[in-house]
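In what follows, a structure is listed as structure tokens, so that the remarks can point back to it.
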Amino acid sequence: MKVITGTNKGRKTLSGILILVALGLLLAPTSTGYSPGMDGGLSTTSAGSGCICHGAQAEEVVPSLTMVNSEAIVEGNTYALEVSFTGGPAEAGDNSGGFLVNADSGSFASNTNVVADGDEATHSTAGNDQRSWQIEWTAGSSDVTEFTLRTNSVNGDSSATDADDWNMATFYLNADGSIVQTLIEPEARLDVPDWTMNAIIAGCVVLMALMLLFGSSKKPRGRRGEI
């Protein structure tokens, strides 16, 4: 009869841990969200895939970004913008929707319904109860500013489920105050940054190599290991 030594037990335990870590890397989410905006702070990289915890993208949800008072854009001046959306589930319960917007130039300001951090803004907890928001944006040096807006239409049941819908769009604000909207294609919404996928693949390869190494480096059988 073969006796399982403490060393063999340790190797099996380590191999099990490595397998769990590898599975964790493969299943790691690419973005998160909750009622007061993006979980863990504002981050374009973590929100790049959209509101994937709230169902799937839906064409009937139409994001909108407009200027409250259309006028020429001057660097350093502050302008009132309105972000909103139409479509999705009917409004019910306490919560109605949310948004996350970022700009490649300029900066946003916070208010009661909006939490801003530099070039990004999202809804506050109080702002989760509506489907349109007014935000202040101070113009940067770009002649054309690109805004990426993600809007989330929720049914108010306090759960992130497939019953909720979301969509994304880009808006180009020109120097004369005019805005051009372009919807983002579904394929682009689900893209994960290249460096993230490369890191996950590299991590899995290293873990597989370690599992093979520990699995094959058994000591030769000796008289002490047998009875």
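Remarks
- Meets criteria (modelled with pLDDT under 95 and either in the same structural domain as Gly87 (by TED's automatic domain parsing) or of a type in the set (A, V, I, L, M, F, W, C) (or both)) for Gly140: no
- Within region 165-188, the set of residues being aliphatic (A, V, I, L, M) and modelled with pLDDT of 90 or more comprises Met168, Ala169, Leu173, Ala175, Ile179, Val180.
- With respect to the stated conditions, Phe214 fails to be of a type in the set (Phe, Trp, Tyr) and modelled with pLDDT of 70 or more.
- Any hit, region 111-121, residues being outside any strand (DSSP E or B) and more than 21 Å from Leu173 (Cα to Cα): yes
- Selected residue [loosely packed, with under 11 Cβ neighbours inside 10 Å and either in the same structural domain as Pro89 (by TED's automatic domain parsing) or modelled with pLDDT under 70 (or both)] from Asp191, Asp162: Asp162
- Residues that are more than 16 Å from Ser153 (Cα to Cα), in contact (Cβ under 8 Å) with a residue 40 or more places away in the chain and hydroxyl-bearing (Ser, Thr, Tyr) within region 82-139 comprise Ser105, Thr138, listed in sequence order.
- Tally of residues being in contact with a Phe, Trp or Tyr (Cβ under 9 Å, 6 or more places away or on another chain) and under 20 Å from Asn77 (Cβ atoms) across region 121-152: 10
- The condition of being at pLDDT below 95, assigned by TED's automatic domain parsing to the domain that holds Asn174 and either closer than 23 Å to Val180 by Cα or surrounded by 17 or more Cβ atoms within 10 Å (Cβ to Cβ) (or both) holds for only one of Phe85, Phe108, Phe147, that being Phe85.
The values are calculated or read from the model by the stated rules, or taken from the named source; none is laboratory data. Here the structure is a predicted model, which means the values were calculated and not measured. Cβ atoms come from the backbone with ideal geometry, glycine included; neighbour counts cover every protein chain shown.
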